[in-house]
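*Asks:* Can you read through this structure? Questions will come right after.
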Amino acid sequence: MAQRAVWLISREPGTPFCGTVRFSRRYPTVEKRAKVFNGASYVPIPEDGPFLKALLFELRLLDDDEDFIESRDSCSHINKTSVYGLLIGGGELWPVVAFLKNNMIYACVPLVEQTLSPHPPLISISGISQGFELLFGVQDFLSLSQKNDTELNTKLNQLPDLLLQACPFGTLLDANLQNSLDSINFASVTHSQKQPAWKVGTYKGKPQVSISITEKVKSMQYDKQDIADTWQVVGTVTCKCDLEGIMPNVTISLSLPTNGSPLQDILVHPCVTSLDSAILTSSSIDAMDDSAFSGPYKFPLTPPLESFNLCYYTSQVPVPPILGFYQMKEEEIQVKITVNLKLHESVKNNFEFCEAHIPFYNRGPITHVEYKVSFGQLEVFREKSSLVWIIGQKFPKSMEINLSGTVTFGAKSHEKQSFDEICIGGTAYLKVNIFIWLTTLENFHFFLKFKYIGAPGWRSRLSVRLQPGHDLAVREFEPRVRLWADGSEPGARFRFCVSLSLCPSPVHALSLSVPKINKNVEKKIKK
């Protein structure tokens, strides 16, 4: 959980407000979230002056505060939690975590991800415990080896940089601020580079680069001589660079095989520092010619700490992975369908799953189905007016499968019936979802250059992994493509849609390159 704001207030009797704000930090991004979560009960964070006055009043620390105030001083309002509500600008700022220690008031306002009226139980707000942990960490840091006001001022001046490390964007990562100070001091000794504002910390540990590719094939097949079939590969290269140093320089190069199709429509992450103009000008809108840029595609970059999408691209493959034929003939309340699917010989006949979805829009529920299927099994979703042909994890040896049948529909009802403005009458489509691990249509080769400046006398080995990672796999496919055809002729043939998701194989991508990369890195580090 995050904090909306943090204050340090020194207790100074005799001053106008009996205290002085020595340090304050607000987190605008968290404040926007608070406004959304709290709704009508939201009270904005005030300026330091009004907050100081309201807090000292609630803590009974004002010099002239001798009057009895029932809302604050009655026996029914005894505070035992160090969590307060401050009356500011006609509203109540709650919860405010605050306590007094050694003439220093430590205060923060945790984020509450729900409405504040009525007040939710404190035990349900995890931000309160993290707020205490943050304030106790600041208190320990200020009280450690503190001998005079000069040392206190020095530590207060260090707090902005320390909270940038320990509590970025209001989220507590490390309550031990001394660790953050040691990290900053180490970085200042070993690196002359300035920490960029968008990079809140640095990585420490074994240098490692992970690369993952996700490819989705979009194919539309018409089975008509006057309309050409279309298909396209849409890919994403995802990286995670765990490298020491403030601004490590990395160059990732993608090389295509000899007969590989050029990459087009390339969009890169902002961390890429420079790019060949030929990469950016290659577009799928233009007709393919011999001058199309076919690589290698080099991406020099300064990577962020988190996982990021290095680039997006499109590409044309020679043939679609699956060839399909879908025919539908409507007879009163019945529909006769015929489906033929053929797996292309270049595609590995081993998937995680493969299924075909046949929706029927603007009709009543399915009342009866008669079908014949050569492979797999058919599931009927009567209320949703759709069929799902579960093909499984592979095609038969013939690489061809067939489905034919008759679907009968009941009377239309307005409740829970599938509706579509385009798929009316004989206008329909079939969608095949196939998910394949450990392969790409492009068969990429990766090369990586790495420049790292470490501490004097340190040696480091860089390991590179190409991982398919389940969290990167595209399991949820895009909403159905709007497909239509002229359905006026009985038995008209309709468009066919294939949607695939492909991930790379570590076997043919990097297994032979890692030893050479490690040797080159060690040579550079020795130099």
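*Asks:* Working out 0.36 nm times the residue gap between Thr29 and Asn102, then minus their Cα-Cα distance, what length gain in nm do you get to one decimal?
*Replies:* Additional length available on full extension: 23.1 nm.
*Asks:* Roughly what would the spin-label model give for Val319 and Leu305, points 7 Å off Cα along C-beta, in nm?
*Replies:* For the pair Val319/Leu305, the computed spacing is 5.0 nm.
*Asks:* Please give me the summed charge of the neighbours of Phe136: other residues whose Cβ is under 15 Å from its Cβ, Lys and Arg +1, Asp and Glu -1.
*Replies:* Computed value for this residue: -2.
*Asks:* Okay, moving on. Using θ = phi - 60° and the Karplus curve 6.51 cos²θ - 1.76 cosθ + 1.60, what whole-Hz ³J(HN,Hα) does each residue of region 155-172 get, with Gly and Pro shown as x?
*Replies:* Karplus-based 3J(HN,Hα) across region 155-172 equals 6, 5, 5, 7, 4, x, 5, 5, 5, 4, 7, 7, 9, x, 6, x, 9, 6 Hz.
*Asks:* Treating only the Cβ atoms of Lys and Arg (+1) and Asp and Glu (-1) as charged, compute the dipole magnitude of region 2-53 about its Cα centre; round to the nearest 20 debye.
*Replies:* 200 debye
*Asks:* Could I ask something else about it? On average, how much accessible surface per residue is there in region 331-380, in Å², for a 1.4 Å probe, leaving out ligands, DNA and RNA? Before the final figure, lay out each step's value.
*Replies:* On the way: 2700 Å² over 50 residues.
Ligands and nucleic acids excluded, the figure is 54 Å² per residue.
*Asks:* Label points 7 Å out from Cα along the Cβ direction at Ser253 and Thr115: separation in nm?
*Replies:* Each label point lies 7 Å from its Cα, and together they span 6.1 nm.
*Asks:* Output wanted: per-residue J couplings in Hz (rounded whole) for region 379-385, from phi through Karplus 6.51 cos²θ - 1.76 cosθ + 1.60, θ = phi - 60°, x for Gly and Pro.
*Replies:* Per residue, the Karplus-derived 3J(HN,Hα) values read 10, 10, 9, 5, 5, 8, 6 Hz.
*Asks:* Once you have the Cα-Cα distance between Ile227 and Ala197, take 0.36 nm times their residue separation minus that, and quote the gain in nm to one decimal.
*Replies:* Gain in length upon complete extension: 5.5 nm.
*Asks:* Once amide H atoms are built 1.01 Å from N in the peptide plane, which residues 5 or more positions from Phe353, or in another chain, come under 5 Å H to H?
*Replies:* Phe435
*Asks:* Please list 3J(HN,Hα) in residue order for region 314-331, calculated via the Karplus relation 6.51 cos²θ - 1.76 cosθ + 1.60 where θ = phi - 60°; whole Hz, with x for glycine and proline.
*Replies:* Here the 3J(HN,Hα) series is 10, 7, 9, 9, x, 9, x, x, 10, 9, x, 9, 10, 10, 9, 10, 9, 9 Hz.
*Asks:* Rounded to the nearest 0.05, what FRET efficiency is calculated for Glu12 and Ser143 with R0 set to 22 Å and r the Cβ-Cβ distance? Write out the running numbers ahead of the final one.
*Replies:* Details: r = 18 Å, r/R0 = 0.83.
Between Glu12 and Ser143 the formula returns 0.75.
*Asks:* From the mean inverse distance of alpha carbon pairs (Kirkwood) and the Cα radius of gyration, derive Rg over Rh for region 365-418. Before the final figure, lay out the partial values.
*Replies:* Working: Rg = 13.6 Å, Rh = 12.6 Å.
Computed over Cα atoms, the ratio is 1.08.
*Asks:* Here's something else I'd like to know. With labels modelled as points extended 7 Å from the Cα through the Cβ direction, what inter-label distance (nm, one decimal) is found for Phe375 paired with Ser126?
*Replies:* 4.7 nm
*Asks:* Rounded to the nearest 0.05, what FRET efficiency do Asn157 and Thr281 have when you use their Cβ-Cβ distance and R0 = 41 Å?
*Replies:* Efficiency computed from Cβ-Cβ geometry: 0.25.
The values are calculated or read from the model by the stated rules, or taken from the named source; none is laboratory data. Everything quoted here is computed from the prediction, not taken from an experiment. Cβ coordinates were reconstructed from backbone atoms using ideal geometry, including for glycine residues, and neighbour counts include every protein chain displayed. Calculation scope for accessible area: heavy atoms of the full protein, side chains included, ligands and nucleic acids excluded. Shrake-Rupley method; radii C 1.70, N 1.55, O 1.52, S 1.80 Å.
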